[in-house]
Amino acid sequence: MKRARCTCLRSRVIEFLIRSSQLLEVSPIVKYSALSLFADRFYPALSRLKDRKVTKNWLLHPIEECNLQLFALVSLWISSKVHDSPPLSVKKFKSLGDKFIKEQHYTMGDILEAEIVLMQVVQFGIGMSKITFSSVEDLLVQFKAIAQVGEHVKFEACMDVMDLLYENEETSVLYSSPEALAASVVVVGYIITVPPQRWEFPVLPWVKFVTSCKEEDILDTVRVILKHIFEPQADYYVANE
């Protein structure tokens, strides 16, 4: 029951982060860097915390949904400070929190405190230098440069796939291997956006060559992604890839 509650809580907060990124109109790199910081680093680290000083902080003791929503906004703020010039102001995040976080009212000081706590939890390593989004972006640029069919692979579809993978912890684990996941996302983007009659390009061998990832690993991840997205239809798409 506790496990189910944690999974549901995580999904709601991820959805809140994605929705907040849309309302703030941040760039994709800011959005996915924030998702990487929050979902791949901060949230998993909460169960491994040993620093009693951090765990006793009121924002983590106990861990409530409203506090996690605050940390999601802080992840977006940190990401904006890394990638935007100038970054979004803290006032915009406070305003968004005032409007959509119903259980708690947070002050500007609370947001600054949450930033410090988040950085302590991830041990001051925000890890934004190499994320799946950047690798997908690079692969699509290369794809379009070498094959006309690459123009038909929709970047938006690839981003939708990346969003869906954050829905649960089982698929979110795939983000631990950014380059392999990026290769798989591009293959999935090819499958779902290029008409089957134009599947003449050897996309799987190509991403294997470009990324140096193992073909069987890419194919296994493609199956996982398609199953997550399409469920019963997944076997058909993989069989015909």
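For the chain, the Stokes-Einstein estimate of translational diffusion at 25 °C and a viscosity of 0.890 mPa s comes to 129 µm²/s, using the Kirkwood hydrodynamic radius over alpha-carbon pairs. Normalised per residue, the accessible area of the chain is 51 Å², obtained with a 1.4 Å probe and no contribution from ligands, DNA or RNA. In this label model, D138 and Q120 are separated by 3.5 nm, measuring between points 7 Å along each Cα→Cβ vector. A straight Cα-to-Cα reach below 16 Å connects K130 with the aspartates and glutamates D40, D138, E179, residues fewer than 8 places away in its own chain not being considered.
With the chain treated as a Gaussian network of Cα nodes joined by springs under 10 Å, which of A183, A45, A145 yields the largest mean-square fluctuation? Maximum fluctuation in the GNM of the chain, among the listed residues, is at A145.
Simple spin-label estimate for L112 and I146 gives 5.1 nm between the two label positions (7 Å along the Cα-to-Cβ direction from each Cα).
Carbon-plus-sulfur accessible fraction, the chain (probe radius 1.4 Å, protein heavy atoms only): 54%.
Beyond a 30 Å Cα-Cα separation, which of these cross-linked pairs lie in this structure: K94/K227; K102/K227; K144/K214?
On the way: K94/K227 38 Å; K102/K227 35 Å; K144/K214 22 Å.
In this structure, K94/K227; K102/K227 exceed 30 Å between Cα atoms.
Taking a ≥ b ≥ c as the square roots of the eigenvalues of the alpha carbon gyration tensor, segment 122-241 is oblate, as a/c is not under 1.5 and a/b does not beat b/c. Axis of helix 178-193 versus longest Cα principal axis of the chain: the two differ by about 60°, to the nearest ten degrees.
The values are calculated or read from the model by the stated rules, or taken from the named source; none is laboratory data. Here the structure is a predicted model, which means the values were calculated and not measured. Note that each Cβ is placed from the backbone with ideal geometry, even for glycine, and that neighbours are counted across all protein chains shown. Accessible surface is based on the protein model in full, side chains and every heavy atom, while ligands, DNA and RNA are left aside. Shrake-Rupley method; radii C 1.70, N 1.55, O 1.52, S 1.80 Å.
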